[in-house]
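For reference, the structure is listed below as structure tokens.
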Ligand SMILES: [Zn+2]
Ligand SMILES: [Zn+2]
């Protein structure tokens, strides 16, 4: 089985390639990259004017299975992922039950094996039941295939416990992903603390709740010599702390999500619950700092923090609505529209944040278009426009913060091995 892609703008930062070339794929493996390849092939795709890049690795996704299949499943979530150009993702363990034992990892692994249409990697919980009281069995979960640890959804408040977790994680070479939120400071808030919380009469979450925990976790990781990754950074102060830590050699990486570089707290002014997430949308100054941190490398990764919720969980009073938004299908297009077309990032720079860096941080041998590699790539029209509507989303839940917005960037083809697994409708 042979596939030939003609005239594509190939962007492969791992190999320093950014040029219009052809690519041949034979039995699922990239066999030839060059100008004007003259080989016969069963399938020929003319990608003139389009970009061929490695598939995205989204390292922050809530697939909700097992337990909340009414919100999303591995099957529906990975179909949404593929449509968004995400060929690999890390599933967060805050399911019901949480992925915190060998048996629960086996359960999830079975579901993935049966129903995933993208590559799904698993994270295990740091503590049993994500209760923050007792460590989960890292060794047993790692044997079953988890590649990272996190209590995402909450932070481990007990400093001593977090210290032991980081030491054990280091011994096992496991990455720890930190959801940084100090609950006592977050004060049961629902929006950013500031003008907006006063104006709307809603409880506010100060930036302090995030950056104080970022500072603590970085210090603990530094002492333990453990690699940590800070999830969904939303504010300037956190970035200052991360930048300083990186400078002194702490093994810390950081991620943000598209809503934090696109929207500000002002988006909440109509009490739209699809603008309610944790951490909350921050000030214009924070948003600008996020863009700057993407430019200067303080932020390594853009991830969706895809958090599906049913309509009945979102169509309630702001205070009672669930935190979180779906994002797998808008991750790439929002990044193209808000970062590439505005020149915050170059095209290779964007591919690094969405593909190369998350893949490297998770220790996956992916995100390269080198000859001999298994094909895992996407062909994207960077300029084609579409509008985000509930009908346009294939995810089981429709709680997007970008509903109604026009975006540029359509994933035209997704190729996994020797199969074209997605082709955009024209
Ligand atoms: Zn989180
Ligand atoms: Zn999350």
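The values are calculated or read from the model by the stated rules, or taken from the named source; none is laboratory data. It should be emphasised that the depicted structure is a prediction, and the values quoted were computed from it without experimental measurement. Using ideal geometry, Cβ is built from the backbone for each residue, glycine included, and neighbour counts are taken over all protein chains shown.
Among the residues of the range 251-278, write down those that are within 15 Å of ligand 1 (Cβ to nearest atom), over 17 Å from residue 334 (Cβ atoms) and out of contact with any strand residue (DSSP E or B) (no Cβ under 7 Å at 6 or more places or on another chain).
Across the range 251-278, the qualifying residues are 276, 278.
Out of 212, 237, I need the residue that is assigned to a helix (DSSP H, G or I), under 22 Å from the mean Cα position of the chain (by Cα) and surrounded by fewer than 24 Cβ atoms within 10 Å (Cβ to Cβ). Which one?
237
Name every residue in the range 186-199 that is surrounded by 21 or more Cβ atoms within 10 Å (Cβ to Cβ), away from ligand 2 (no atom under 16 Å from the Cβ) and modelled with pLDDT of 95 or more, in order of residue number.
Here is the first cut: in the range 186-199, the ones surrounded by 21 or more Cβ atoms within 10 Å (Cβ to Cβ) are 186, 190-193, 196.
Keeping just the survivors that are away from ligand 2 (no atom under 16 Å from the Cβ) gives 190-193, 196.
Listed by number, the residues that qualify are 190, 191, 192, 193.
Which one is surrounded by the fewest Cβ atoms within 10 Å (Cβ to Cβ), of the residues in the range 310-331 that are within 14 Å of ligand 1 (Cβ to nearest atom) and closer than 17 Å to residue 391 by Cα? Give the derivation first.
Going residue by residue through the range 310-331, those that are within 14 Å of ligand 1 (Cβ to nearest atom) are 322-325, 327.
Still in the running and closer than 17 Å to residue 391 by Cα: 325, 327.
On the way: 325: 27, 327: 31.
The qualifying residue surrounded by the fewest Cβ atoms within 10 Å (Cβ to Cβ) is 325.
For the range 157-185, what are the residues that are within 16 Å of ligand 2 (Cβ to nearest atom) and without any contact (Cβ under 8 Å) to a residue 40 or more places away in the chain?
Start the filter on the range 157-185 by keeping residues that are within 16 Å of ligand 2 (Cβ to nearest atom), which leaves 175-181, 183.
Once the filter is applied, which keeps residues that are within 16 Å of ligand 2 (Cβ to nearest atom) and without any contact (Cβ under 8 Å) to a residue 40 or more places away in the chain, the range 157-185 yields only 183.
Having 2 or more residues that are more than 30 Å from residue 270 (Cβ to Cβ) and either away from ligand 1 (no atom under 16 Å from the Cβ) or touching a strand residue (DSSP E or B) at 6+ places or on another chain (Cβ under 6 Å) (or both) is the bar; report the helices (runs of 4 or more DSSP H) wholly within the range 135-205 that clear it.
Working: elements: 138-143, 159-172, 183-186, 195-200.
Hits in the range 135-205: 138-143, 159-172.
Quick one: which residue in 63, 4, 21, 52 is at pLDDT 95 or above and closer than 18 Å to residue 352 by Cα? Give the steps one after another, and end with the answer.
Working: 63 fails: closer than 18 Å to residue 352 by Cα; 4 fails: closer than 18 Å to residue 352 by Cα; 21 fails: closer than 18 Å to residue 352 by Cα.
Criteria check complete, one pass: 52.
Looking at the range 297-324 only, could you name the residues that are under 21 Å from residue 88 (Cα atoms) and either in contact with a helix residue (DSSP H, G or I) (Cβ under 6 Å, 6 or more places away or on another chain) or more than 16 Å from ligand 2 (Cβ to nearest atom) (or both)?
299, 300, 301, 302, 304
Would you pick out the residues in the range 269-285 that are closer than 15 Å to residue 204 by Cβ and modelled with pLDDT of 95 or more? Before the answer, list the steps.
So the first thing to find is which residues in the range 269-285 are closer than 15 Å to residue 204 by Cβ, and the list is 269, 271, 275-283.
Matches in the range 269-285: 271, 275, 276, 277, 278, 279, 280, 281, 282, 283.
Can we say residue 110 is without any contact (Cβ under 8 Å) to a residue 40 or more places away in the chain, surrounded by fewer than 17 Cβ atoms within 10 Å (Cβ to Cβ) and closer than 22 Å to residue 144 by Cβ?
Numbers: without any contact (Cβ under 8 Å) to a residue 40 or more places away in the chain: yes; surrounded by fewer than 17 Cβ atoms within 10 Å (Cβ to Cβ): yes; closer than 22 Å to residue 144 by Cβ: yes.
The answer is yes for residue 110.
Taking strands (runs of 3 or more DSSP E) that do not extend beyond the range 50-133, which have at least 1 residues that are over 13 Å from the mean Cα position of the chain (by Cα) and either within 16 Å of ligand 2 (Cβ to nearest atom) or farther than 18 Å from residue 324 by Cα (or both)? Step through it out loud before you land on a result.
Values: elements: 51-54, 56-61, 86-91, 119-124.
Where strands (runs of 3 or more DSSP E) fall fully within the range 50-133 and carry at least 1 residues being over 13 Å from the mean Cα position of the chain (by Cα) and either within 16 Å of ligand 2 (Cβ to nearest atom) or farther than 18 Å from residue 324 by Cα (or both), they are 51-54, 119-124.
Which residues, taken from the range 1-38, are farther than 12 Å from residue 375 by Cα and not in a strand (DSSP E or B)?
1, 13, 14, 15, 16, 35, 36, 37, 38
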